[in-house]
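Worksheet: the structure to be examined is printed underneath.
The values are calculated or read from the model by the stated rules, or taken from the named source; none is laboratory data. Fair warning: this is a prediction, and the values are worked out from it, not measured in the lab. Cβ: placed from backbone, ideal geometry, glycine included. Neighbour counts: every protein chain shown. Please note that ligands, DNA and RNA were not included when accessible areas were found on the heavy atoms of the full protein model with its side chains. Shrake-Rupley method; radii C 1.70, N 1.55, O 1.52, S 1.80 Å.
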There are 2 protein chains.
Amino acid sequence: MQQSPVPPEPPIYRRIADGLREAILSGDLRDGDRLPGENALMARHGIARATARQALSVLINEGLAIPKRGSGVYVRQFRPIRRHGSRRLSRDRWGRGAAIWDSDTEGRPYTVDEVDIDRERAEDPVARVLDSSEVWVRRRRYSVNGRPVQLSVSHFPAELVEGTAITREDTGPGGVYARLGELGHAPAHFTEELRARMPHPHETVQLDLPAGTPVIVIARVARTADGVAVEVNEMVLDAASYVLQYDFDS
Amino acid sequence: MQQSPVPPEPPIYRRIADGLREAILSGDLRDGDRLPGENALMARHGIARATARQALSVLINEGLAIPKRGSGVYVRQFRPIRRHGSRRLSRDRWGRGAAIWDSDTEGRPYTVDEVDIDRERAEDPVARVLDSSEVWVRRRRYSVNGRPVQLSVSHFPAELVEGTAITREDTGPGGVYARLGELGHAPAHFTEELRARMPHPHETVQLDLPAGTPVIVIARVARTADGVAVEVNEMVLDAASYVLQYDFDS
DNA sequence: GAGTGGTCTAGACCACACG
DNA sequence: GTGTGGTCTAGACCACTCT
């Protein structure tokens with residue numbers, strides 16, 4: 001007969017973290033509220049400093065709290081931007097008020113900084129998809145309300161765009177897609193591949209990410225009506241700043 | 001005149017973590033390889049145990065390494081499943097060999113366990129979208145090769161599906177969508193909203209997630225040709241097990 | 001100046017994995 | 001049995017924030 005297994009007591013730091021998480025998720029502690037600090041936890045539970053830190057680090061790594069040096073640990077907030085992928089039909093017909101998650105429905109004014117344009121040898125996945133060993137690369141960072149939210153790296157086959165405005169900082173009215181259209185290579189079909197993972201160090205710096213924040217990586221391939229790939233765009237989004245939406249049929 | 005700011009030396013634990021990360025990302029350490037343990041780091045760098053642990057915890061929280069009690073810390077691997085959202089046109093015409101990320105292209109045999117079906121009061125976002133205060137809820141967990149990879153919670157308006165196979169464990173041939181079709185409410189339009197975040201504790205348990213693994217949350221709304229919402233499905237995916245793909249036009 | 005989080009040391013005991 | 005990671009104590013010094 002199976003001995004009823006005794007559930008082991010969770011360690012102290014975990015029980016403290018569970019209590020604080022409960023307070024956050026239940027709404028007892030709200031966005032921006034201050035959590036009890038290290039000293040408060042030490043006194044209240046009679047534990048060592050390292051143990052109190054460990055409890056707080058759980059919540060920080062879960063993305064529920066943010067530490068501020070010399071000040072305290074605070075409940076984190078979530079106010080995402082909504083990014084639309086395919087939206088062909090749904091938008092006006094039943095897009096209103098039907099969202100699952102709250103968001104700033106339309107992207108607030110983006111600012112673009114750290115633009116960087118270069119001609120480079122294509123790396124492997126991009127070279128294969130574009131069928132081109134030389135590419136023009138446009139790197140950008142997007143910010144909303146002064147907070148960086150997205151990194152974008154666009155690749156174009158070098159032979160295709162050589163000498164056009166796509167190789168210059170100002171791409172002119174309508175942007176790169178209008179230029180591709182004038183070249184007779186208007187994008188008509190898109191494929192977006194998505195992943196989520198923890199950020200690499202350079203992403204943490206460029207997006208100013210606190211601990212416990214994943215990134216969403218989108219690799220988008222734009223193809224002409226003939227199926228020729230003309231752009232590969234890899235985007236890295238601060239996951240805490242975005243809700244992505246895709247609408248489709250059948 | 002601006003004093004050239006002296007970049008402060010990163011702390012020891014960070015420099016050690018940077019070195020190990022470099023070894024992982026460069027391929028010096030490969031999937032499944034063992035990292036130097038706490039004792040090795042203490043000896044090599046002349047540091048205290050807690051500092052060595054802190055260095056390793058950085059990599060663990062980044063999802064690059066996995067600790068195994070009594071054994072060591074190992075380099076983590078990434079072998080995702082590919083999940084297709086809208087795929088109307090692209091699949092056969094230019095889907096082949098054009099992927100950015102490697103994956104098991106078609107989902108390997110899923111197994112379903114922990115099925116749970118209940119009639120419940122609808123919570124707020126779901127109640128609003130389905131315009132229904134009572135819902136039938138189908139909860140499931142999906143596993144691939146014995147590893148849990150996805151949690152799924154489907155909601156249906158209670159009045160609509162009452163007494164049908166949708167309220168029973170075996171939904172019959174074609175599944176719930178076939179049953180909805182027979183009721184004259186065939187789903188025709190889909191909206192998927194996506195987020196990524198760190199998992200909640202119950203998700204960590206049910207998906208057996210190691211630290212440093214985000215989840216992707218998909219809220220999918222199915223609507224009939226008339227625009228009536230007939231299903232809300234909230235899925236929670238182990239982000240390390242998935243690549244999502246969406247294909248669309250214009 | 002007082003309080004906060006960030007880093008670090010030097011120990012300790014434990015449960016677990018592996019040979 | 002030995003080595004591993006998991007938890008915890010009791011200190012210390014620092015940089016930073018807030019008042």
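Once the label point is set 7 Å along the Cα-to-beta-carbon vector, what list of distances in nm do you get between residue A:46 and its counterparts in the other copies?
4.1
With each pseudo-label sitting 7 Å past Cα toward Cβ, what's the residue B:23-residue B:133 distance in nm, one decimal?
Computed distance between label sites residue B:23 and residue B:133 equals 6.2 nm.
Report the local net charge at residue B:159: Lys and Arg +1, Asp and Glu -1, summed over other residues whose C-beta lies under 13 Å from its C-beta.
Neighbour charge sum, excluding residue B:159 itself: -2.
Just going by the charge dipole of chain B, with Lys and Arg at +1 and Asp and Glu at -1 on Cβ, which of B:153, B:75, B:245 is farthest out on the positive end?
B:75
Before we go on, tell me the buried accessible area for the B/A pair, both chains summed, 1.4 Å probe, in Å² to the nearest 100.
The contact between A and B buries close to 5100 Å².
Report the charge-dipole magnitude of the protein assembly as shown in Debye, nearest 20, computed about the Cα centre from +1 at each Lys and Arg Cβ and -1 at each Asp and Glu Cβ.
With only Lys, Arg, Asp and Glu charged at Cβ, the dipole is about 1260 debye.
Shortest first and in nm with one decimal, please list how far the residue B:116 label point sits from its counterparts in the other copies (point 7 Å along Cα→Cβ).
For residue B:116, the other copies' label points sit at 4.8 nm, shortest first.
Pop out the ³J(HN,Hα) list for region B:111-121 in order, Karplus 6.51 cos²θ - 1.76 cosθ + 1.60 with θ = phi - 60°, rounded to Hz; leave Gly and Pro as x.
10, 10, 9, 6, 5, 8, 10, 8, 9, 9, 6
Probe of 1.4 angstrom, ligands and nucleic acids ignored: what's the accessible area per residue over chain A, in square angstrom?
51
Could you check the simple spin-label distance between residue A:30 and residue B:117, using points 7 Å along Cα→Cβ, in nm with one decimal?
4.2
Tell me which residues come under 5 Å, amide H to amide H, from residue B:29 once H is placed; ignore anything under 5 positions away on its chain.
For residue B:29, the qualifying residues are B:24.
For a test of the definition: using alpha carbon positions, the gyration tensor, and the 1.5 limit on a/c, classify region B:113-171 as rounded, prolate or oblate.
oblate
Based on Cβ point charges of +1 for Lys and Arg and -1 for Asp and Glu, what charge dipole magnitude is obtained for chain B about its Cα centre, in debye rounded to the nearest 20?
With only Lys, Arg, Asp and Glu charged at Cβ, the dipole is about 1040 debye.
Share of region B:81-245's accessible area from carbon and sulfur, percent, 1.4 Å?
Answer for region B:81-245: carbon and sulfur cover 47 percent of the accessible area.
Please compute the Kirkwood hydrodynamic radius over region B:18-71, one decimal place, Å, based on all pairs of different Cα atoms.
11.5
Do you know the relative contact order of chain A, to the nearest whole percent, from alpha carbon pairs under 8 angstrom that are 6+ apart?
Relative contact order here is 19 percent.
Put +1 on the Cβ of each Lys and Arg and -1 on the Cβ of each Asp and Glu in the protein assembly as shown; which of B:189, B:171, B:210 then has its Cα farthest toward the positive end of the dipole?
After comparing all options, I get B:210.
Using a 1.4 Å probe on the protein heavy atoms, what percent of the accessible area of region B:12-75 belongs to carbon and sulfur?
47
Looking at chain B as a GNM with Cα springs under 10 Å, which of B:143, B:57, B:26 has the largest mean-square fluctuation?
Between B:143, B:57, B:26, it is B:26 that shows the largest mean-square fluctuation.
Largest first and in whole Å, give the semi-axes of the protein assembly as shown's equivalent ellipsoid, each being the square root of 5 times a Cα gyration tensor eigenvalue.
37, 34, 23
What length, rounded to one decimal in nm, is gained on full extension from residue A:124 through to residue A:9, with 0.36 nm per residue of separation minus their alpha-carbon distance?
Extending this stretch completely gives an extra 36.4 nm.
Residue by residue through B:221-232, how many Cβ atoms from other chains fall within 10 Å of the Cβ on average?
Mean shielding by partner chains, rounded to a whole number: 2.
Count charges around residue B:32 for me, please; just the other residues with Cβ under 13 Å from its Cβ, Lys/Arg as +1, Asp/Glu as -1.
Net charge in that neighbourhood comes out at +3.
Could you calculate the contour length gain from residue B:159 to residue B:188, that is, 0.36 nm times the residue separation minus the distance between their Cα atoms, to one decimal place in nm?
Gain in length upon complete extension: 8.4 nm.
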